[in-house]
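This report concerns only the one structure given below.
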Amino acid sequence: MRYLSTRGQSPAQSFSDILLGGLAPDGGLYLPEQYPQVTAEQLAAWRQLSYADLAFEILSLFATDIPAADLRDICQRTYRAEVYGYARQPEKAADITPITWLKEGIGLLELSNGPTLAFKDMAMQLLGNLFEYVLAKRGEEINILGATSGDTGSAAEYAMRGKRGVRVFMLSPHGKMSAFQRAQMYSLQDENIFNIAVEGMFDDAQDIVKAVSNDHAFKARYKIGAVNSINWGRIAAQVVYYFKGYFAATQDNSQQVAFCVPSGNFGNICAGHIARMMGLPIGKLILATNENDVLDEFFKSGAYRPRGTAETFVTSSPSMDISKASNFERFVFDLVGRNPARLAELWQQVDQGGFDLSSSPEWAQLEQFAFVSGKSSHADRLATIRSVFASDGLMIDTHTADGIKVAREIAVTGMPVLVLETAQAVKFAETIQEALQQSPAAPQGLADLETLPQRITVMPADVEQVKQFIVAHSE
């Protein structure tokens, strides 16, 4: 399996090469030259597999340059019940991603049972083990530069802490995350973890990561890698739980499933798009946004118009406070027939404010990709949190509430609907308290997290200052 850039100006690479590299040299994102196709026989054989064994089968299609025995060992070490030990259904902890069915018939695909209580752990724990493996094989080191709107940062840091040959420099928007999210990241004292709070929004932090990645000389000299969802390894790992959720929600492979995905940077739902392109019987991909509704606007109108920092709302589902969704480029590449010249033309228009496909031939092709969308507000989140708690006795986080709200209003018939859970409620205790007049209990071992000392560097949203910080801490 080889990987190409959406911009079409970079040579094809192996899985291990792009795992460490992040953005392609031409500024594009990597995708497989063609999506592997899953047969009916494979679907039937995979239905009863454990999560670790299923991960091995699917990742074997993408990471063809890693020996099978090594990849199997990495998957087995990553997806262990004791790593995902905060399950609400302890008897199903070995399932890794069990489904909780609400009384109204919507299923919650539990993805937040990992060490940082967010779905990002599902891919990041694997990425940490893959990074360590590839670096050891090559005798190399790497400086990971990432940006987070909330959960990516802590998931990356917990996955990479103490890993040989790895340093993590994580940018986050200063004061824009929940207190629990900040404590998870900033309380880590590991010598290879560096937290930088950028004075701005997530999009400012993400722009810095892209600018550093596009400085090819600096990237090469300081061995800059990425763990944001621009990293293909993240997306490949997330494909696995779509298959696992499908098998858990159906009796046989003749059935279809609809997945509703709270979406900010488009990485999570992009994995669902890829699973569908591989042949998984997904009937609908329902995209849910918060007040930052750039993606909902596109799927309803054909116009993609990212907002500036001043126009990006600070909301109670902060991990989705994103107006420039990096992984959207991967989907548009498929939408325009994998034409890199057309993709590059559109992204030049993005730099000028956006593009509109509503009258283009490509827009007529959208229906075949099964996307629909909706959005949610703070009032919607509060109402959804209250209704789910009243009917099921279950506290859900704010992002998952966005997903349930949108799933309820999108007409889906003849198939189960699964909402991809984003995080556990304790990560957004302030809004849970507002909605329910009670706070969620922290899992054992995390109750005093917010009282721990925090280690953080605050700086302006300035590329050169971030570079200088990396240089100073890489010698």
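The values are calculated or read from the model by the stated rules, or taken from the named source; none is laboratory data. Please read all numbers here as calculations on a predicted model, not as lab measurements. Ideal geometry is used to build each Cβ from the backbone, glycine not excepted, and the neighbour counts take in all protein chains shown.
Annotations for the structure displayed:
- Residues in segment 20-46 that are under 20 Å from residue 266 (Cα atoms), aliphatic (A, V, I, L, M) and either assigned to a loop (DSSP other than H, G, I, E, B) or modelled with pLDDT under 95 (or both): 3 in all.
- Whenever a residue of segment 359-372 is surrounded by 14 or more Cβ atoms within 10 Å (Cβ to Cβ), its partners that are β-branched (Val, Ile, Thr), lying with C-beta atoms within less than 6 angstrom and at least six residues away or across chains, give the pairs 362/336; 372/286; 372/410.
- Condition met for residue 406 (within 18 Å of residue 265 (Cβ to Cβ), part of a helix (DSSP H, G or I), without any contact (Cβ under 8 Å) to a residue 60 or more places away in the chain and not acidic (Asp, Glu)): no
- Here residue 68 clears all of (1) hydrophobic (A, V, I, L, M, F, W, C); (2) more than 24 Å from residue 219 (Cβ to Cβ); (3) surrounded by 15 or more Cβ atoms within 10 Å (Cβ to Cβ) except the condition numbered (3).
- Any chance residue 79 is among the hydroxyl-bearing types (Ser, Thr, Tyr) and farther than 30 Å from residue 350 by Cβ: yes
- Residue in segment 411-432 that is of a type in the set (D, E, K, R), under 17 Å from residue 272 (Cα atoms), modelled with pLDDT of 95 or more and in a loop (DSSP other than H, G, I, E, B) present: yes
- Identity of the residue in segment 12-23, touching a helix residue (DSSP H, G or I) at 6+ places or on another chain (Cβ under 8 Å) and of a type in the set (A, V, I, L, M), that ends up nearest to residue 333 (Cα to Cα): 23
- Of all the residues in segment 266-316, those that are under 15 Å from the mean Cα position of the chain (by Cα) and either surrounded by fewer than 21 Cβ atoms within 10 Å (Cβ to Cβ) or part of a loop (DSSP other than H, G, I, E, B) (or both) number 1.
- Of all residues assigned to segment 44-51, none qualifies as being among the hydroxyl-bearing types (Ser, Thr, Tyr), surrounded by 16 or more Cβ atoms within 10 Å (Cβ to Cβ) and closer than 20 Å to residue 334 by Cβ.
- Single unsatisfied condition, residue 70 versus (1) farther than 20 Å from residue 257 by Cβ; (2) assigned to a helix (DSSP H, G or I); (3) modelled with pLDDT under 95; (4) not aliphatic (A, V, I, L, M): (3)
- One residue stands out in segment 332-387 among those that are among the polar types (S, T, N, Q) and outside any helix (DSSP H, G or I): the one that is farthest from residue 304 (Cα to Cα), namely 377.
- Meets criteria (assigned to a helix (DSSP H, G or I), touching a Gly at 6+ places or on another chain (Cβ under 9 Å), at pLDDT below 95 and buried (at least 18 other Cβ atoms within 10 Å of the Cβ)) for residue 319: yes
- Residue that is surrounded by the fewest Cβ atoms within 10 Å (Cβ to Cβ), among those in segment 222-265 that are under 15 Å from the mean Cα position of the chain (by Cα) and among the hydroxyl-bearing types (Ser, Thr, Tyr): 229
- Output for segment 27-43, where each listed residue is crowded, with 16+ Cβ neighbours inside 10 Å and either more than 30 Å from residue 141 (Cα to Cα) or more than 19 Å from the chain's Cα centre (by Cα) (or both): 27, 35, 36, 38, 42, 43
- Tallying residues that are assigned to a helix (DSSP H, G or I), in contact (Cβ under 8 Å) with a residue 60 or more places away in the chain and farther than 17 Å from residue 131 by Cα within segment 211-242 yields 8.
- Candidates 373, 326, filtered to the one that is in contact with a helix residue (DSSP H, G or I) (Cβ under 9 Å, 6 or more places away or on another chain) and more than 24 Å from residue 256 (Cβ to Cβ): 326
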